[in-house]
1. Since Ile94 meets every condition but one in (1) surrounded by fewer than 22 Cβ atoms within 10 Å (Cβ to Cβ); (2) assigned to a helix (DSSP H, G or I); (3) away from ligand 1 (no atom under 16 Å from the Cβ); (4) among the hydrophobic types (A, V, I, L, M, F, W, C), which condition does it not meet?
2. Between Glu995, Glu945, Glu921, which is within 24 Å of the chain's Cα centre (by Cα) and among the charged types (D, E, K, R)?
3. Strands (runs of 3 or more DSSP E) wholly in the stretch 487-566 with at least 3 residues that are within 28 Å of Leu450 (Cα to Cα) - which ones?
4. Restricting attention to the stretch 29-47, report how many residues are open to solvent by 10 Å² or more (accessible area, probe 1.4 Å) and either more than 10 Å from ligand 1 (Cβ to nearest atom) or within 15 Å of Glu75 (Cβ to Cβ) (or both).
5. When you scan the stretch 445-456, do you find a residue that is in a loop (DSSP other than H, G, I, E, B), open to solvent by 10 Å² or more (accessible area, probe 1.4 Å) and not hydroxyl-bearing (Ser, Thr, Tyr), even just one?
6. In the stretch 223-240, what residues are of a type in the set (Val, Ile, Thr) and open to solvent by 40 Å² or more (accessible area, probe 1.4 Å)?
7. Among Lys584, Lys623, which is the only one that is open to solvent by 10 Å² or more (accessible area, probe 1.4 Å), of a type in the set (Lys, Arg), in contact (Cβ under 8 Å) with a residue 24 or more places away in the chain and not in a helix (DSSP H, G or I)?
Amino acid sequence: MQIKLWVNGVEQEWHVAPNETLLAALRRHGYYGVKDGGCQHGECGACAVLLDGIPTNTCVMLAAQADGHRIETIEGMGKHPDLGWRKTEGLHPIQQALVESGAIQCGYCTPAIALAAKSLLDRNPNPTEDEVREAISGVLCRCTGYLKPVQAILRAAAMMRGEEVPPIEGEVETLAFPTDWPGSGEDATTAKPGSESSPLVRTQVMPRIWTVMRPERQAMQRVGKPEIKVDAVKLVQGKPAFAADIEMRGMLIAKVLHSPVAHARIKRIDVSKARALPGVAAVLTYKDIPRVPYSTAGQSDPIPGPLDTFSLDEKVRFVGDRVAFVAAETEEIAEQALKLIEVEYEPLPAILDPEDALKEGAPIIHDEPDYVNFAESDPKRNLAAQIRIDIGDVEKGFQEADRIYEAEYEVPKVQQSHIEPHVVVTYWDEDDRLVIRTSTQVPFHVRRILAPVLGLPIKRIRVIKPRIGGGFGGKQEVLIEDVAAHLTIATGRPVMYVYTREEEFTAARSRHPMRIRMKTGVKLDGTITANAMYVLSDTGAYGCHGLTVTGNTGHKAMALYVGDGEYRKAPNIRFYADVVYTNKPPSGAYRGYGVPQGFWAVERHMERIARDLGLDPIAFRLKNAIRAGELHPFSTAWSEGREPRPEIIHTVGLEECVAQGKAVIGWDQKYGNPEWHQVPGKPHLRRGIGVAMVMQGTAIPYLDMGGASIKMNDDGSFNLMVGATDLGTGSDTVLAQMAAEVLGVPVEDIIVYSSDTDFTPFDKGAYASSTTYISGAAVVKAAQQAAERIRIRAAKMLNNRGNGHGEVKPEEIRLADRKAVAPDGRFVTMEEIALNSLHHADQEQIMGIGSYVSPVAPPPFAAQFAEVTVDIETGAVTVDRLVMAVDSGVIVNPITASGQIEGGMTQALGYAVCEELKYDEQGRPREKDWLNYHIFRANEMPKLETIFVETFEPSHPFGVKAVAEIPMDGVAPAVANAVLDACGADILDNPLTPEKVWRALRRK
Ligand code: FES
Ligand code: FES
């Protein structure tokens, strides 16, 4: 069909197929700013454009329907202001505000949010916050928690009305600990709130920061500043930055036939009709490719789990498992071919409940002879892994207790729901090397793990990681790269494979569901004498991350409460776990990595114990919580990677987190105040307030390795190459800030490239909250090497100039403001040094390379507070406010770090009240889309507040600890504790659906 339309004001004539969606047609014509969320039903809004000024989802509209209409895409909004000799009008104020306000994380939703905002502001130049939230409520964002996008739009509205807006920088509220606070360190000095050194002007996008004003912290130029994300300008223009934003001549589209049954052998498979379909280039079954057992878990070598997966197998183990791969000229042909594949299944009994997996005589899910055992796995018992850890003398501890509290808790399977689906493109390059362009968190692990699966040596594989539209652990899996790679090997042609949203829900990874039994011995004064946890963890059909995720459930959640007095010196802790196979989709890595499950049980349990003993729930927790200078109790018992070694925890800001969080939420005025619990004029409503305390880890000691290299350019700028993987977190930016700090240049002079296995140094990838800490330390080392060369050359240049001055030594030179400055004030600029080194004298490439492995994993700590309103007639829970006070060490970038907390709390809110994947008695999934699986929208959000309590972690050059995962850990128990406080409903299994609360109230 021939259609005529106006795109960004330009008249166009397009040939489109009658069944082609507007989304497909726009992307085919190069409008890659129109994103595909894979939902196909108009649920996510990522594909929205303005159609005659109205936000319209293009995946649910045919291109033909756009005939005669005006379309605006992000490409038409604004451009980089400086394109060489051609100056542009610059970014649109909405784009500018999104960039400045830290509203862009992965950026996948950003074009649609910007367009929705434009539509609103074109109609209503002075909207309220509620109107902004309503206007963007059609666009799902899984990263930000919407706080910063909403603030950015209000800021843009003010800019467009011609009002002055204060710059974001300089609005951070920096206060100081009291000097007697134990975490503040001996050399700490203080600045009083409201003094000249702590300006109090704030905007809504900046977190509140309490910091130890140590001299090294105060001296930092770039670390600690709300620098703009290095990729923000690119993302806000909708540039073709993501894995799917690529066209290649002759590229085929891949599709996978998924199993409709939970457990079966493939008795017969006939692909002849599919192969014969015109336009089909390849159809592959288990008969066509080598049988190589591997693990899809993107982890370091050796993989800490069983090798129990095959690219294709003659057995299927869950509804959604792989049966055959197809590559065809178009998506429609590939889908048609799937329907022509004939499969006869021999059904096998399925295990759908983890309790059944360990029963005598249970069907064996992994009976294949080539299964490669890992230490504690036993496929004959459906056991993917087993953990048995005893610290101290637990039984003696129970005997010494006045009371023993036992209870069982349960946590559901939930989904990462990154808005960009899994995407991979594979092709042979001109050297017959296989290139894999993929949306992965772990490019180096992808290369290493796939090499044997594909029959290629590692050196003939190149993995490129472009921008990633969110991952949250879901892309720490070598999930679909092999599909496209096998098809490229089979056809010799480029292949693209993009998961649909249904595939994301049914065939990708998810959070491990667990049943958790707690047994705790307590003295009447609240001293914990022994604490035990048993976990039954459901890894689904494959083992992947089963051992390490479940290990973390105990390693982090059971480490927080060590007891008090004598027990503090020698805690009694037990952590046992069985990780079992079932015929459900495999569980995997999801932000928090087992820890949210553990803290659901621990923090619900602690609350119930405190209330039963009549103790203040906060004082009871702090009495037993681990303190600075104490040994991590698990450090001598278990490690994710290597042999466990004793590890002292040097910084614990938990008490100050509690103090700050309490003050902000008004705990003392609300907790235990019967008047506050009532809602005036609404007798069916009750208010409640709850708390949870949590800790995480920072990387995996003696295992996680990050590398970085840096080189100086002719103009004194630097290329920073890192294998670390920014999946929207802002890690490229904080790494650039650290390099800029060492080299004395602005962040704009650091050009970051991440990551490509051919060009960037090795990095284990983005997981375990490790990038800022591990990769950051590698960047600092690389930058220090380069800085040393710069100082030597600068000294030589200054001494050659002489002019009667004394000799300057390299170590006396300070790098700042793009200059190398001698103590007497003389200086040479970075540009002069660069030109001198590359062109003029004793030429050399100034560069540095660094890598880092940590001997410790310093935990961040946090206090999470929640305020709720419960409808005691319907059981509906409304979360009104979440306040999180976090000790993540020094905050490198307050705006990106608080974005992590806000986004993490929002995902955790879903875990608390609404997210859950369920299966019927045949193992068929109930949730296959965002219509049935609810994630929070902008107009449904509670108030979010972030407080950072800075400590200075001595094991890192800039004192940092992890920030990205900890916000997942405490929201669900804090909300449940608040519901208990509000109405007495004591829910032991999340999410807190209205039905559960209603039933609990009826029981009461
Ligand atoms: S709404 Fe169109 S891709 Fe999700
Ligand atoms: S920034 Fe919104 S989905 Fe990632």
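The values are calculated or read from the model by the stated rules, or taken from the named source; none is laboratory data. Model, not experiment: these values are computed from the prediction. Cβ: placed from backbone, ideal geometry, glycine included. Neighbour counts: every protein chain shown. Each accessible area value is taken on the protein alone, full model and side chains, heavy atoms only, with ligands, DNA and RNA left out. Shrake-Rupley method; radii C 1.70, N 1.55, O 1.52, S 1.80 Å.
1. (1)
2. Details: Glu995 fails: within 24 Å of the chain's Cα centre (by Cα); Glu921 fails: within 24 Å of the chain's Cα centre (by Cα).
Going through Glu995, Glu945, Glu921 in turn, the sole match is Glu945.
3. Working: elements: 495-498, 514-522, 528-540.
Result: 495-498, 528-540.
4. At the first step, the residues of the stretch 29-47 found to be open to solvent by 10 Å² or more (accessible area, probe 1.4 Å) are 29-32, 36, 40-42.
Retained after the next criterion (residues that are either more than 10 Å from ligand 1 (Cβ to nearest atom) or within 15 Å of Glu75 (Cβ to Cβ) (or both)): 29-32.
Residues in the stretch 29-47 being open to solvent by 10 Å² or more (accessible area, probe 1.4 Å) and either more than 10 Å from ligand 1 (Cβ to nearest atom) or within 15 Å of Glu75 (Cβ to Cβ) (or both): 4 in total.
5. Within the stretch 445-456, the subset in a loop (DSSP other than H, G, I, E, B) is 455-456.
Applying the additional criterion that residues be open to solvent by 10 Å² or more (accessible area, probe 1.4 Å) yields 455-456.
When the remaining residues are screened for being not hydroxyl-bearing (Ser, Thr, Tyr), the result is 455-456.
Checking the stretch 445-456: at least one residue is in a loop (DSSP other than H, G, I, E, B), open to solvent by 10 Å² or more (accessible area, probe 1.4 Å) and not hydroxyl-bearing (Ser, Thr, Tyr).
6. Just the residues of the stretch 223-240 that are of a type in the set (Val, Ile, Thr), to begin with: 223, 228, 230, 233, 236.
Ile228, Val230, Val233, listed by residue number.
7. Details: Lys623 fails: not in a helix (DSSP H, G or I).
Within the list Lys584, Lys623, the selection yields Lys584.
Each row is one residue, and each column tells you yes or no for (1) touching a strand residue (DSSP E or B) at 6+ places or on another chain (Cβ under 9 Å); (2) open to solvent by 30 Å² or more (accessible area, probe 1.4 Å); (3) within 16 Å of ligand 1 (Cβ to nearest atom).
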position	(1), (2), (3)
Leu83	no, yes, no
Gln105	no, no, no
Tyr108	yes, no, yes
Ala117	no, no, no
Val132	no, no, no
Leu140	no, no, yes
